[in-house]
1. Given the criterion outside the structural domain of B:Ser152 (by TED's automatic domain parsing), out of contact with any strand residue (DSSP E or B) (no Cβ under 9 Å at 6 or more places or on another chain) and at pLDDT 95 or above, identify the matching residue among B:Arg401, B:Arg351, B:Arg383, B:Arg341.
2. Cβ-Cβ distance below 8 Å, separation of 6 or more or different chains: which pairs start in the range B:209-238 with a residue that is under 18 Å from A:Ser28 (Cα atoms) and end on one that is assigned to a loop (DSSP other than H, G, I, E, B) and among the hydroxyl-bearing types (Ser, Thr, Tyr)?
3. Here are some residues: B:Thr177, B:Thr162, B:Thr122. Which one is among the β-branched types (Val, Ile, Thr) and away from chain A (no Cβ under 14 Å)?
4. Filter the range A:45-56 down to residues that are facing another protein chain (nearest Cβ under 9 Å), in a strand (DSSP E or B) and farther than 10 Å from A:Ala20 by Cα, then give me how many there are.
5. Quick check on the range A:57-72. Is at least one of its residues among the hydroxyl-bearing types (Ser, Thr, Tyr), out of contact with any Cys (no Cβ under 6 Å at 6 or more places or on another chain) and more than 10 Å from chain B (Cβ to nearest Cβ)?
6. For the range A:14-31, which positions are under 13 Å from A:Cys64 (Cα atoms) and more than 7 Å from chain B (Cβ to nearest Cβ)?
7. Does the range B:198-205 include one or more residues that are outside any loop (DSSP other than H, G, I, E, B), of a type in the set (Gly, Ala, Ser) and free of Cβ contacts under 8 Å to residues at least 12 places away in the same chain?
Amino acid sequence: MITVYLDGQPLVMGEGLTVAAMLTLSESSIARLSCTGQPRAPFCGMGICQECRVTIDGRRQLACQTLCQEGMHVERTV
Amino acid sequence: MKNHKTLSCDIAIVGAGPAGLAAARAASVSQRSIAVIDDNPLPGGQIWRDGPQVSQLAMAKDYRRVLSLPTVRYLPGTRIVASLAAGALLLEDAQTSYRLDYEQLILCCGAQELLLPFPGWTLPGVTGAGALQALIKSGASVAGERVLIAGSGPLLLASAATARAAGALVSGVYEQTDRYQLINFGVGLLRWPGKLAQAFKLFSTRYRWRSHVIEAMGDRRLEAVRIRQGDAEAVIACDRLACGFGLVPNTVLAQHLGCSLEDNAVAVDRYQQTSQTGIYAAGECTGVGGSELALVEGEVAGLAATGKVEQAQALFTHRAYWQRFARHVKEHFGLRPEIRRLARVDTLICRCEDVALSVLAEEQGWNAAKLQSRCGMGACQGRICGSIARELFGWSLPEPRVPLVPARIETLMACSEKDMS
């Protein structure tokens with residue numbers, strides 16, 4: 001099991017999940033707010049639509065194409 | 001500059017799905033140096049996607065072995081930012097940027113889902129059909145959730161099977177094409193017995209034809225979906241809607257490299273060479289046809305790129321067999337006209353810049369649309385709304401612009417102005 005911090009809150013999970021999959025384990029799978037403030041969650045699942053962009057260890061990354069690592073810090077783009 | 005490296009190879013292959021792996025395997029026999037670039041963290045593309053909830057096929061594992069050969073450099077989690085002058089690509093992964101020099105290039109960029117707009121399609125809980133499958137394979141939890149699958153094409157049944165196996169309650173699979181087309185499709189599958197067996201295995205008693213989504217409803221997340229089934233309408237409460245209208249070839253990189261398109265796919269000759277000498281293409285980016293076609297096309301491309309012309313020719317009959325299958329699928333899942341009219345005036349078309357249909361309906365084409373509304377100018381660079389505008393308004397795809405994907409400033413700074421010209 002590994003621990004990932006989502007907006008500062010620890011989440012414990014098995015290995016091999018993408019950050020997008022990890023979002024579904026939290027209370028809300030929202031990844032970001034759109035430019036008009038609408039909530040958005042992973043949509044295309046394969047790195048095309050950019051809806052799932054979040055900040056991972058200080059860098060903007062796509063949640064659907066990043067694997068969770070022990071101690072990783074993920075912040076939603078809100 | 002730190003965190004910037006220069007790499008070189010004889011053959012660069014873009015994509016580590018079936019086509020890319022087959023191309024790498026065929027080309028590796030020549031002992032030439034190969035680089036395989038893939039934006040996913042794990043190999044396999046979409047159909048052989050690996051993850052915590054996947055038991056990988058033996059064939060997929062076998063093809064993946066090519067990536068550990070000493071002549072093959074595998075670059076996972078790596079995106080192509082731009083083509084630089086004269087046989088070089090600018091790449092970046094999560095830490096590093098690269099200049100990759102190549103002699104020959106094989107594009108195996110795959111396909112993306114055709115994601116058409118309907119009211120509520122931006123709500124969290126709504127995804128593509130293949131997208132739901134990808135998310136589940138990547139470890140997303142859907143156990144006990146009420147899931148609807150909708151759209152068009154064989155992928156809907158595959159997605160439903162994946163969701164069910166992960167413990168979701170799939171209450172309906174809604175296919176827009178009609179019964180006549182589906183029966184003809186099924187009968188025609190007798191020519192591809194393996195596919196017929198697959199269809200039987202995936203078939204669901206929840207499968208409905210001539211039915212489609214009208215709207216997704218909910219306050220800040222999906223709560224219910226309004227479905228039209230034949231001439232009747234129903235509102236069905238659910239937690240997830242997975243809706244995709246088939247697949248479209250990924251052509252952005254090929255367009256950027258100056259390769260000609262034909263029928264919205266990368267145009268290739270019988271050796272899988274594009275209109276640009278030394279640039280080959282294989283798999284779904286040359287036309288959607290499934291993994292069997294992608295494998296044989298990849299193999300032809302890998303052989304042709306390494307001068308093994310006769311061995312490539314020996315595969316043409318097998319390739320034609322799967323090309324006929326691709327045409328068979330395409331002929332029976334054509335979109336009904338009402339699918340292109342699901343969006344209302346206030347439905348967003350561009351999800352990046354939140355541009356509604358009413359704004360775009362007044363414009364004549366991409367240039368005007370971009371100037372007036374920023375449609376297609378957000379993070380996805382028109383990859384989603386480009387296909388939508390083609391389907392809804394008949395606009396051709398927007399010209400790709402550099403950087404092809406969001407990139408770090410330090411990556412852009414690593415190449416000189418001369419490189420980018």
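1. Working: B:Arg401 fails: at pLDDT 95 or above; B:Arg351 fails: out of contact with any strand residue (DSSP E or B) (no Cβ under 9 Å at 6 or more places or on another chain); B:Arg383 fails: out of contact with any strand residue (DSSP E or B) (no Cβ under 9 Å at 6 or more places or on another chain).
Testing whether each residue is outside the structural domain of B:Ser152 (by TED's automatic domain parsing), out of contact with any strand residue (DSSP E or B) (no Cβ under 9 Å at 6 or more places or on another chain) and at pLDDT 95 or above leaves just B:Arg341.
2. Listed by first residue and then by second, the contacts come to B:Arg221/A:Ser28.
3. Sole residue among the options that is among the β-branched types (Val, Ile, Thr) and away from chain A (no Cβ under 14 Å): B:Thr177.
4. Residues in the range A:45-56 being facing another protein chain (nearest Cβ under 9 Å), in a strand (DSSP E or B) and farther than 10 Å from A:Ala20 by Cα: 1 in total.
5. Within the range A:57-72, not a single residue is among the hydroxyl-bearing types (Ser, Thr, Tyr), out of contact with any Cys (no Cβ under 6 Å at 6 or more places or on another chain) and more than 10 Å from chain B (Cβ to nearest Cβ).
6. A:Val19, A:Met22, A:Leu23, A:Ala31
7. no
Residue by residue, here is whether (1) within 14 Å of chain A (Cβ to nearest Cβ); (2) surrounded by 15 or more Cβ atoms within 10 Å (Cβ to Cβ) holds:
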| position | (1), (2) |
| --- | --- |
| B:Gln198 | no, yes |
| B:Thr205 | no, no |
| B:Ala216 | yes, yes |
| B:Arg228 | no, yes |
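The values are calculated or read from the model by the stated rules, or taken from the named source; none is laboratory data. Because the structure is a prediction, the values reported are computed rather than measured. Quick reminder, even Gly has a Cβ in these numbers, built from the backbone with ideal geometry, and neighbours come from all protein chains shown.
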